[in-house]
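Just so you know, all these numbers are worked out from the coordinates, no wet-lab data involved. This one's a predicted model, so the numbers in the text were calculated from it and none came from an experiment. Please note: Cβ atoms are built from the backbone with ideal geometry, for glycine as well, and neighbour counts cover all protein chains shown.
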Amino acid sequence: MGKTYKSYDPEILKKLQNTQLTILEDFIKVCSKYNLDYFMLGGSGIGAIRHHGFIPWDDDIDVAMTREHYDIFLRVMSEEIGDKYKLLTPLIDKRYACNVTKLQKRGTKFVPELSKNLKCDLCIDIDIFPMDNIPDDLKLRKAQLRNTWILSKLLYLRGTGSPIIPLTGMKKKIAAILCHLIHMVLVLFRVSPRWIYKRLQKEQKKYNNIECQYKCPLEVTMAKRAYISQDEMYPLIKVPFENLEVNMPHEYDTYLRRLFGDYMTMPPVEKRVNHCPYILDFGE
């Protein structure tokens, strides 16, 4: 429910980014072995094209996969790199009240300010977003987007009654009260994160058995604009990202402009975002 921005010590940020690069490198090795497709998503996509690496202040890596390849990755991950990493979803840890799948480095800690009230272990990681079909019918698509948005927010509010609210004045006070009340009701009636997440997944997968023009990572904040067609995505192309080569959609410019507009222009400081760590431990 929003992000904040916090400046890092440059050496600490570089160390964090290098750790995330190692996770990404191992993720790519597994994808290559099993012929699994992925591409750099969101700010990581901007970084790949505009900076050939991280956006200078960025502190995370996001990748997208088709649902089919995402499911395969979940099945083979433990066998391939489970000694170094672990996955986090509400189906794996019932205390995790968030919709984002995380590939975490064991023995580390990375707890953002907005997640400091979550009870589960949060580590240095990369985020993996499955892409599901969205219907061609605009009314059905709006309903799917609305339902997944509501379920994602309910899932987050199950974990905390004090989210970051991007409002001011009386609107912020009213929203804060509502968020706290929703959290208390979910806790009172023992609605588990796992229960909400299962219903979220059901809604996300609703149209995967029918032919649709677009796929979308429905868990991202900008899901309304994050859709991509088969022709825009394939064939995937290789671009440099720091010391690695990573995948981007064939028509990445179309995709990134749909998401961000003029993504090649650097935003002013007041519009920059990162995950503002509350706890950061490299496990050394």
| Hey, got a sec? Which GluC sites (Glu not before Pro) in the range 153-242 land in a DSSP loop and have at most 12 other Cβ atoms within 10 Å? | Glu211
| request: Mind giving me the nanometre distance, one decimal, between the label points for Gln230 and Asp83, set 7 Å out from Cα along Cα→Cβ? | output: 4.1 nm
| task | Given a cut-off of 21 Å, name the pairs among Lys102/Lys202; Lys29/Lys206; Lys84/Lys202 whose C-alpha atoms lie farther apart than that in the structure shown. | result | Lys29/Lys206; Lys84/Lys202
| said: How large is the translational diffusion coefficient of the range 222-266 in µm² per second when you combine the Kirkwood radius over alpha carbon pairs with Stokes-Einstein at 25 °C and 0.890 mPa s? | reply: 215 µm²/s
| note | Amide H contacts under 5 Å for Ile164, restricted to residues at least 5 apart in sequence or on another chain and with H modeled in the peptide plane, are none
| field | Two-site FRET efficiency, Asp137 against Val191, from Cβ-Cβ distance with R₀ of 35 Å, rounded to 0.05 | value | 0.70
| Under 18 Å from the 7 Å Cα→Cβ point of Glu68, by amide nitrogen: which residues of the range 20-46? | 31-39
| field | Computed lengthening from Glu11 to Ile182, 0.36 nm per intervening residue step minus Cα-Cα distance | value | 57.5 nm
| request: Answer with a single label: of [x] 24.9, 77; [y] 18.4, 54; [z] 20.3, 63, which was calculated as Rg and Dmax of the Cα atoms in Å from the structure in view? | output: [y]
| message | List the aspartates and glutamates whose Cα sits under 14 Å from the Cα of Lys205, skipping any in the same chain fewer than 8 residues away. | response | Glu68, Asp71, Asp132, Glu219
| ³J(HN,Hα), Karplus 6.51/-1.76/1.60, whole Hz, each residue of the range 107-118, x for Gly, Pro | x, 10, 9, 9, 10, x, 3, 6, 10, 5, 8, 5
| remark: Counting sequence-distant residues (5 or more places) and residues on other chains, those with an amide H built under 5 Å from that of Val246 are Val239, Phe241
| task | Please label the shape of the range 1-138 as rounded, prolate or oblate, based on the square roots a ≥ b ≥ c of the eigenvalues of the alpha-carbon gyration tensor (a/c under 1.5 means rounded; beyond that, a/b larger than b/c means prolate, else oblate). | result | rounded
